[in-house]
Amino acid sequence: MTKEKNSGNKIITIVIVIFLILTIPIGVFATIYYKVDSFRTLVNNQLKDAPGFVGEYFSSYPTEEEIEAKKMFLIEYFNKIDINSAADKLYIIKKDDNKLYNEIVKLMNSKYPSKTVDIIKLIRDMELRKDLLFSLYDEIQKEEQDNIKKEAERLQKMDSYLALKEIKEKINSSTDEQDKVAYIINNMDDKKVVEILYYLGDDERKLILSKLSSIDKDKMYILKSYLLEKEMKYEEFKNLAKIYEGKNSYEAYKILGNTEKYSISDLAKIYINLSLEKAADILKYSGDKDFVEELFYNIRHEELLTGSKENITIKLSQIIDYIKEYEEKLNNLVLIYEKMDAKDVANIIEKLIVNDKELTALKIDSISYYTVSDSKLAIDILRRLKKTTVSEVLKNLNDRKAAEITRKLALQ
């Protein structure tokens, strides 16, 4: 009779639970189920006897007695082991389930208060160390970023050659420094970076662009685009130099002897690509000392950037001085020839044209510059004589010689 009564009570309880599940909104039921331990235990105990998968599912839940027994087992275990190991294990529990941690600590404190205090203190120290670690990490990271920005600002303000030299040294020192250079470049102005990257060696440039790609791919593509523009611009300077090489030196000077058409930096690149004799022949017309000095400064700067050892400005100065000295002597000869009989001048000119041997040349590092031959001297004299005098001289030459000299005069 009692068994039947208990069975009937269980059925009634299950029916009530199912009724509650069906009638109470799911959200409310779930809140009560997870918040109220006694209600959850009641539901689990009753539904584990339900038929089918419902009973199987809820029978897997431990009872309240089982849960408490497990807690007590943990408490006794933590009391047996040393406080450092206990603190490590409880710290893991606290990270995963703070509620369970608080329950265990509460129970431990009621049984073993002294040891519990020591364990809690260790756990707090562990938390502080963790916070300190992250704090230090963040502080170091910020400090590194600030240093990178300061380096970028410093290099940004530096002369391009000095910045290039420093970056080259960093690239060739270590992998860490190479990575650092990539971060520094990422914080610099694009135009300034291109001014430096352009003058790096091919392998150095590829290395830095590759490292920059992993930091800021968009910036890497922008820099590549600017580099291509700079290469095309430099090719343009080479082509301009070829054009001015073939022009009359005085006509070329009208354009290359001032900054009306080209900047002083662009002029330096054009002059570097001219032959030394032509560059000197153009600059001999300049009486602007400041312009020449500034031009030479930019030429030297370009040589430093490219790593050239030619010392163009020193050679240019020597050639210009040589040309001016030659032309001063030439002007003195012209004054003499203007006073001579045209027939005598014609005889001298003819002998010079026929002889055509090297008279003099400026030698720098065993290389001859601005060679003056008999023929060149004759033509240079005629070019400076009055037109009437030249006409009289040509009349005293045979037709073949006169025609030859006329052609040479027309070409210069």
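Which count do you get for residues in region 191-221 that are outside any helix (DSSP H, G or I), small (Gly, Ala, Ser) and more than 21 Å from Leu305 (Cβ to Cβ)?
Counting residues in region 191-221 that are outside any helix (DSSP H, G or I), small (Gly, Ala, Ser) and more than 21 Å from Leu305 (Cβ to Cβ) gives 1.
Inside region 97-131, can you point out the residues that are at pLDDT below 85 and either in contact with a Leu (Cβ under 8 Å, 6 or more places away or on another chain) or over 29 Å from Leu74 (Cβ atoms) (or both)?
Of everything in region 97-131, just one residue is at pLDDT below 85 and either in contact with a Leu (Cβ under 8 Å, 6 or more places away or on another chain) or over 29 Å from Leu74 (Cβ atoms) (or both), namely Ile123.
When you go through (1) in contact with a helix residue (DSSP H, G or I) (Cβ under 8 Å, 6 or more places away or on another chain); (2) of a type in the set (Val, Ile, Thr); (3) outside any helix (DSSP H, G or I) one by one for Ile379, which number turns out not to apply?
Ile379 satisfies all of (1) in contact with a helix residue (DSSP H, G or I) (Cβ under 8 Å, 6 or more places away or on another chain); (2) of a type in the set (Val, Ile, Thr); (3) outside any helix (DSSP H, G or I) except (3).
So which of Ile270, Ile320 is within 26 Å of Tyr198 (Cβ to Cβ), touching a residue at least 24 places away in the same chain (Cβ under 8 Å) and hydrophobic (A, V, I, L, M, F, W, C)?
Answer to the selection: Ile270.
Inside region 325-374, can you point out the residues that are charged (D, E, K, R), in contact (Cβ under 8 Å) with a residue 40 or more places away in the chain and under 18 Å from Lys395 (Cβ atoms)?
Glu338, Lys343, Glu350
Test each condition in (1) of a type in the set (Phe, Trp, Tyr); (2) farther than 30 Å from Ser391 by Cβ; (3) outside any helix (DSSP H, G or I) for Tyr370 and report the one that comes out false.
Only one criterion in (1) of a type in the set (Phe, Trp, Tyr); (2) farther than 30 Å from Ser391 by Cβ; (3) outside any helix (DSSP H, G or I) is unmet by Tyr370, namely (2).
Any idea how many residues of region 387-404 are touching a helix residue (DSSP H, G or I) at 6+ places or on another chain (Cβ under 7 Å), among the aliphatic types (A, V, I, L, M) and in a helix (DSSP H, G or I)?
The number of residues fulfilling the criteria is 4.
Which pairs have Cβ atoms under 9 Å, sit 6 or more apart or on different chains, and link a residue in region 135-152 that is surrounded by 11 or more Cβ atoms within 10 Å (Cβ to Cβ) to one that is part of a helix (DSSP H, G or I) and of a type in the set (Ser, Thr, Tyr)?
Partner pairs satisfying both residue conditions: Glu144/Tyr183; Gln145/Tyr183; Ile148/Tyr183; Glu151/Tyr183; Ala152/Tyr183.
Does region 353-362 include one or more residues that are open to solvent by 80 Å² or more (accessible area, probe 1.4 Å) and under 24 Å from Ile282 (Cα atoms)?
Yes, the conditions are met somewhere in region 353-362.
Go through the residues of region 291-304 one by one and say whether even a single one is part of a helix (DSSP H, G or I), within 25 Å of Met232 (Cβ to Cβ) and free of Cβ contacts under 8 Å to residues at least 24 places away in the same chain.
Yes: region 291-304 contains one or more residues that are part of a helix (DSSP H, G or I), within 25 Å of Met232 (Cβ to Cβ) and free of Cβ contacts under 8 Å to residues at least 24 places away in the same chain.
Which pairs have Cβ atoms under 8 Å, sit 6 or more apart or on different chains, and link a residue in region 383-412 that is closer than 10 Å to Ala342 by Cβ to one that is open to solvent by 100 Å² or more (accessible area, probe 1.4 Å)?
Asn396/Lys343
Among the listed residues Met220, Met232, which satisfies the condition of being open to solvent by 60 Å² or more (accessible area, probe 1.4 Å), aliphatic (A, V, I, L, M) and over 18 Å from Glu293 (Cβ atoms)?
Met232
Counting only residues that are open to solvent by less than 60 Å² (accessible area, probe 1.4 Å) and either in contact with a Cys (Cβ under 9 Å, 6 or more places away or on another chain) or in a helix (DSSP H, G or I) (or both), how many does region 162-189 have?
14
Which one is nearest to Asp266 (Cα to Cα), of the residues in region 291-325 that are open to solvent by 30 Å² or more (accessible area, probe 1.4 Å) and over 35 Å from the mean Cα position of the chain (by Cα)?
Residue satisfying both the conditions and the ranking: Ser317.
What residue, of Lys261, Lys242, is exposed (fewer than 14 other Cβ atoms within 10 Å of the Cβ) and assigned to a loop (DSSP other than H, G, I, E, B)?
Lys261
Which one of Thr360, Thr313 is polar (S, T, N, Q) and not in a helix (DSSP H, G or I)?
Testing whether each residue is polar (S, T, N, Q) and not in a helix (DSSP H, G or I) leaves just Thr360.
The values are calculated or read from the model by the stated rules, or taken from the named source; none is laboratory data. The structure displayed is predicted, hence computed values, not measured ones. Cβ atoms come from the backbone with ideal geometry, glycine included; neighbour counts cover every protein chain shown. Side chains are part of the model used for accessible areas, which takes the heavy atoms of the whole protein and leaves out ligands, DNA and RNA. Shrake-Rupley method; radii C 1.70, N 1.55, O 1.52, S 1.80 Å.
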